[in-house]
Amino acid sequence: MSKTYEQLGITDLHAYYGESHILHGIDLHINRGELVTLLGRNGSGRSTTLKSIMNMVGRRTGSIVINGNETIETAPHHIARLGVGFCPEERGIFSSLNVEENLLLPPTVRSGGMSLDEIYDMFPNLYERRKSVGTRLSGGEQQMLALARILRTGANMLLLDEITEGLAPVIVQKLAEVLTQLKEKGLTILLVEQSFRFAAPIADRHYLMEHGQIVEEVKKDELESKKDILNTYLGV
């Protein structure tokens, strides 16, 4: 039996934007190779949790240990070099660059990043559109590009914020397949997601958030037994 390795450990995390106290004592952990979701309604603090991990909030207190390193005082670019890739909700595609230029732009933060050929195998649409500038891409193609760009860097822990929002069902299904493939490759994924239907089949565990706190942890084999709790917080 392989030993589990905790890749991310968060203890008593509080986060602030100015005078606003957004996160109120978050505790969570993710083992290497797990796919874990943060579920909850809009405004529950899920996206702020991802930004807090990257030190992209006004102020944060508590403990965030990544690959054995305490990072609560660490600058965002140094956190990235620990192998953390952040895909924000707004995607951040460079609209004046074409697909291939966007893929070649990010620096390598550690070895093991995917080659262009590997990216194009995983995202055939991007190969077909590799000379198209960012403004000519559909929402789904932009989302694939944002995710692919992180995979080029060598990041082995992905923080993904609402990657399915507003996308056509066929694209959502493709993203589910991609996340499953990445999990099989041993990557660790923390996924903020609005759609429980998307998250349920692919995740190992779910954390439910409400008012800046984690109110419940649900393991994959507890989905049926905790249906009432899921319904209370998610309306599923």
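Structure notes:
- For the chain, a Gaussian network of Cα nodes joined below 10 Å ranks 96, 132, 20 by mean-square fluctuation, and the top entry is 20.
- If you run the Gaussian network model on the chain, springs between alpha carbon atoms under 10 Å, then out of 165, 118, 224 the most flexible one is 224.
- Computed over segment 107-180, Cα set: Rg, Dmax in Å: 12.1, 34
- Over the chain: helical MRE at 222 nm, DSSP H runs n ≥ 4 each giving -39500 (n - 2.57), nearest 500: -8500 deg cm²/dmol
- Rounded to the nearest whole Hz, the Karplus-based 3J(HN,Hα) values (6.51 cos²θ - 1.76 cosθ + 1.60, θ = phi - 60°) of segment 89-98 follow the sequence 4, 7, 6, x, 6, 7, 5, 7, 9, 7, with x at glycine and proline.
- Per-residue packing, averaged as other Cβ atoms within 10 Å, sorts the ranges 207-217, 175-185 into the order 207-217, 175-185, beginning with the highest.
- Near residue 31, the amide H atoms lying under 5 Å from its own belong to 7; only residues 5 or more places off or on other chains count, and H is placed 1.01 Å from N.
- Computed from the C-beta positions of residue 138 and residue 41 and an R0 of 35 Å, the FRET efficiency is 0.80 to the nearest 0.05.
- With contacts taken as Cα pairs under 8 Å and at least 6 residues apart, the chain reaches a relative contact order of 27 percent.
- For a modelled paramagnetic label at residue 165, 7 Å from Cα along Cα-to-Cβ, the residues of segment 21-40 in reach, with backbone nitrogen under 13 Å, are 40.
- The chain: translational diffusion in µm²/s, Stokes-Einstein, Kirkwood Rh over Cα pairs, 4 °C, 1.567 mPa s: 71
- Virtual paramagnetic centre 7 Å along Cα→Cβ of residue 211, amide N under 17 Å, in segment 23-65: 23-27, 40-46
- Where labels lie 7 Å past Cα in the beta-carbon direction, separation of residue 180 and residue 232 in nm: 3.2
- Estimated vicinal HN-Hα couplings, Hz - segment 72-83 in sequence order (Karplus 6.51, -1.76, 1.60; Gly, Pro = x): 5, 10, 8, 5, x, 5, 6, 5, 4, 6, 7, x
- Measuring against 24 Å, Cα to Cα, the residue pairs 131/183; 131/185; 51/174; 185/219 contain 131/183; 131/185; 51/174 as the ones spanning a longer distance.
- Remark: spin-label model distance residue 204-residue 63 equals 2.1 nm, labels positioned 7 Å along the Cα→Cβ axis.
- About its Cα centre, segment 6-234 has a charge dipole of approximately 480 debye under the convention of +1 per Lys or Arg Cβ and -1 per Asp or Glu Cβ, with nothing else charged.
Throughout, read-outs are computed from the coordinates displayed, never taken from laboratory work. In this text, all values refer to a predicted model and were calculated from it rather than measured experimentally. Neighbour counts run over all protein chains shown; Cβ positions are idealised from the backbone, glycine included.
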